[in-house]
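Visitor: Okay, here's the structure, questions in a sec.
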Amino acid sequence: MNQKVLRVLEYDKIREKLVLKASSPLGKEKCLALVPYTDLETILQKQEETQDALNRLFKNDSVSFGGNKPIGVSLKSLEIGASLSVPELLKIAALLENVNRMKSYGRGISKYNDKSENITDSLTSYFEALTPLTPLSEEIRRCIISEEEIADDASATLKHIRKSIAQTNDKVHSQLTSMVNGSYRTYLQDAVITMRDNRYCLPVKSEYKGQVPGIVHDQSSTGSTLFIEPSAIVTLNNRIRELFLEEEKEIEVILATLSGTVAEHIAEISQNQELMTTLDFIFAKGLLAMEMNATKPVFTEEHVIDIRKGRHPLLDSKKVVPIDIRLGKDFDLLIVTGPNTGGKTVSLKTVGLLTLMGQAGLHIPAADRSVLSVFTEIYADIGDEQSIEQNLSTFSSHMKNIVTILDKADAHSLCLFDELGAGTDPTEGAALAIAILNHLHERGIRTMATTHYSELKVYALSKPFVENACCEFDVETLSPTYRLLIGIPGKSNAFAISSRLGLSDELIVAAREQITEEKESFEDLLSDLENSRITIEREREEIAAYKEQIAALKQQLQSKQDKIEQTKERILREANEQARDILQDAKDVADETIRTFQKAGPNASMKDLEKSREKVRGKIKSTNSKLSLKETTPVRKPLKPEQLKLGDSVKIVSMGLKGTVNSLPDQKGNLFVQCGIMRSNVNIRDLILIDEETDNKKSFQKTNAGKLKMSKSYSISPEINLLGKTVDEAISLLDKYLDDAYLAHLPSVRIVHGKGTGALRNAVSNHLKRTKYVASYRLGEYGEGDAGVTIAVFKEK
């Protein structure tokens, strides 16, 4: 595929999107190098791999190949017998650990599923070929903790050396500590132990350097402090230095041993890297397809294109208008017309770019079952490439590209032309365009071109192998809809747009006079066709909507009919079973009664016989009561918010409590209901209205005492406020209130006395203690008023 078309159709931007989906450096390089294939078998294989990766991503969580870092140089070093460094060995360990995770992922194991599944697809062979070499990666991790640290247990020798270093360090610190805290204290600048050139030193004041025998390693910037290694620890410092050298040699031995072990598996590690890079590349294609909501296209070698609901992948998916494009089956030339900025060039680029993506093994942002074909080359003349340096005008630049395309294109090519024949005299340009299109048709080359020339619209109408298409434009709003309509030639709408923008009618009329009668009638014909198309399309949409409604109603009716039939069969079955049980029961009773009569004989007492008959009558009565129709509870209709008013009496169905509406429903239907001392937040769906008068008559209609209790229950508040009262006043009011509340059958009351000095609270408590019909009392809890409130509960009558 030529590089120019990749640049013109912005295929490089698709590769950049793909690179962002890869998680390893090598995978990103492979994505960046992706080019379209021209072999159908290869394309189908790559498309299948992308589909299988997408399926796995939907089924399991996403994958990461971040541990797949380049190790090619390290493997080359191993081949010549060199030892690897700590970072190189850690890279190999990370790769092998990543391989192990991918091996498990290939079997369907993930953080959401810990059981292996038998998954077989085009990626199975890649996963099965992975060799985790778990013992090798574990050995590297055991010996190397990080890039800066080798484990003590890497070898017995290393462990012994480090133990000796620690012991020697302790001895040095012990001696230096005794010096710092002993006779040298007055000679030191600070009572600390420091390091210079990896040797322990003491910071000695310069005037006392003769008092501390040893080796001077450094001095401060002012010269007031000398860093001296005391003679007493020189030997120990030398020993530490020797041990450090031994440690470095032992680490080299450990790295050489690990490198030798890795060298035994160069082939497997190299293969693992290749497989991981390939899998990273394939899953990057799957992730890109997921992001674009793309689908797998159907490929054919018949040079047919049928893109359904295709979207340009570089435009905002929320704003881009899907288009349907057909080419190659009923016609091999497609001419797209319409106003500027109407979407002609985008349609052209969409066809070319989706074809390139499909041939590269990428899914395309289009509806399912979209058809693409394999083209060995795609040529595109899109955009203005005029060159001042080469003395090329816009027309000359286009014509140079067209000449090159005509020279190289064949029957296996796809040609895309933007504004074919533009940039010169319209009559000559249209003639050239028709000649070029005829030439391409004679050679069997699939071609799509955009134009403004009316001659090309007529040409497409008069030739069976050419089809018109247009980008729809809404004259009322002066904006394109970006819908591509195949089979309908487009209008430039220059007069309509100019008129809408305020150009005077005189100028519009003068302009129309400049157009020949033949062209004007042709434009009028196009306008009539467009109006007819819009009307037919609107009617088609209405018919489709009606069909959907009819189908839905038919399905609902059929569902109800099936449900009725099932209910009918169940009722009949249950009725038959019940009748059989009743008959059997009656037979058993009759048989038992007959046996009783026969056993009694002629001398039986009438009393015993009457008992038997009474038993039969009772059985019949019981059976009849079971068969009688029972009163059904009417279906409760849900309340509407406008039906409720503050103070309405309601019943909370789920709680079985009655109360009054304390607030109106909010947007979600939630409201507060006051039930005695309890204020509940309920939903309107859980309420039914109560007829207060009916409820009162039903509950209280027998005695005068009942009427008194009824009036009390509806006039006594569940709360009394004693704030501001003296103790005597409060107790007097409380005593009468408790009597009334108890007679009104209130289960409990709320006494508000405040906190204050506590005198009123104590008086209330003492009075409640002496009241016989008070079962218990307590201070209020959080949300009830805390210590400023007392809750009293009455005894049950």
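The values are calculated or read from the model by the stated rules, or taken from the named source; none is laboratory data. Bear in mind the structure is a predicted one, so any value in this text is a computation, not a measurement. We place every Cβ from the backbone using ideal geometry, glycine too, and count neighbours over all the protein chains shown. Surface accessibility is based on the protein's heavy atoms, side chains included, excluding ligands, DNA and RNA. Shrake-Rupley method; radii C 1.70, N 1.55, O 1.52, S 1.80 Å.
Visitor: May I ask you to list the residues in region 423-437 that are out of contact with any Leu (no Cβ under 9 Å at 6 or more places or on another chain) and either within 24 Å of residue 375 (Cβ to Cβ) or open to solvent by less than 30 Å² (accessible area, probe 1.4 Å) (or both)?
Guide: The one that is out of contact with any Leu (no Cβ under 9 Å at 6 or more places or on another chain) and either within 24 Å of residue 375 (Cβ to Cβ) or open to solvent by less than 30 Å² (accessible area, probe 1.4 Å) (or both): 435.
Visitor: What is the residue count in region 120-134 for residues that are open to solvent by 80 Å² or more (accessible area, probe 1.4 Å) and either within 23 Å of residue 252 (Cβ to Cβ) or charged (D, E, K, R) (or both)?
Guide: So the count comes out to 1.
Visitor: While we're here: Going residue by residue through region 750-762, is there one that turns out to be farther than 17 Å from residue 722 by Cβ, open to solvent by 30 Å² or more (accessible area, probe 1.4 Å) and outside any helix (DSSP H, G or I)?
Guide: No, the conditions are met nowhere in region 750-762.
Visitor: Also, quick follow-up: Can we say residue 205 is basic (Lys, Arg), on the phi < 0 side of the Ramachandran plot and modelled with pLDDT under 85?
Guide: Judged against the criteria, residue 205 is not a match.
Residues are listed down the side, and each one gets a yes or a no for (1) open to solvent by less than 90 Å² (accessible area, probe 1.4 Å); (2) part of a helix (DSSP H, G or I); (3) under 15 Å from residue 257 (Cβ atoms):
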{"site": "145", "(1), (2), (3)": "no, no, no"}
{"site": "163", "(1), (2), (3)": "no, yes, no"}
{"site": "169", "(1), (2), (3)": "yes, yes, no"}
{"site": "172", "(1), (2), (3)": "yes, yes, no"}
{"site": "175", "(1), (2), (3)": "yes, yes, no"}
{"site": "191", "(1), (2), (3)": "yes, no, no"}
{"site": "195", "(1), (2), (3)": "yes, no, no"}
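Visitor: Also, I was wondering about something else. Condition first: open to solvent by 10 Å² or more (accessible area, probe 1.4 Å) and under 31 Å from the mean Cα position of the chain (by Cα). Now tell me which residues in region 324-365 satisfy that.
Guide: Selection gives 324, 346, 349.
Visitor: For residue 225, all conditions in the list (1) at pLDDT below 90; (2) in contact with a strand residue (DSSP E or B) (Cβ under 8 Å, 6 or more places away or on another chain); (3) open to solvent by 30 Å² or more (accessible area, probe 1.4 Å); (4) among the β-branched types (Val, Ile, Thr) hold save one; what is the number of the exception?
Guide: (3)
Visitor: Can you confirm whether region 75-95 contains a residue that is closer than 18 Å to residue 278 by Cα, open to solvent by 70 Å² or more (accessible area, probe 1.4 Å) and modelled with pLDDT under 90?
Guide: no
Visitor: Test of understanding: among 253, 262, which residue is in a helix (DSSP H, G or I), touching a residue at least 40 places away in the same chain (Cβ under 8 Å) and open to solvent by 60 Å² or more (accessible area, probe 1.4 Å)?
Guide: 253
Visitor: Inside region 47-85, can you point out the residues that are among the charged types (D, E, K, R) and in a helix (DSSP H, G or I)?
Guide: 48, 49, 52, 56, 59, 76, 79
Visitor: Pairs only if they're at least six apart or on different chains, beta carbon under 7 angstrom, first in region 19-46 and open to solvent by 80 Å² or more (accessible area, probe 1.4 Å), second assigned to a helix (DSSP H, G or I) and of a type outside the set (A, V, I, L, M); list them, first residue then second.
Guide: Listed by first residue and then by second, the contacts come to 30/277; 30/281; 32/15.
Visitor: Something else: Considering region 438-452 alone, what residues qualify as being open to solvent by less than 50 Å² (accessible area, probe 1.4 Å) and in contact (Cβ under 8 Å) with a residue 40 or more places away in the chain?
Guide: Listed by number, the residues that qualify are 440, 444, 445, 446, 447, 448, 449, 450, 451.
Visitor: I'm trying to understand the selection: among the residues of region 47-74, which are open to solvent by 70 Å² or more (accessible area, probe 1.4 Å) and of a type in the set (Phe, Trp, Tyr)?
Guide: 58
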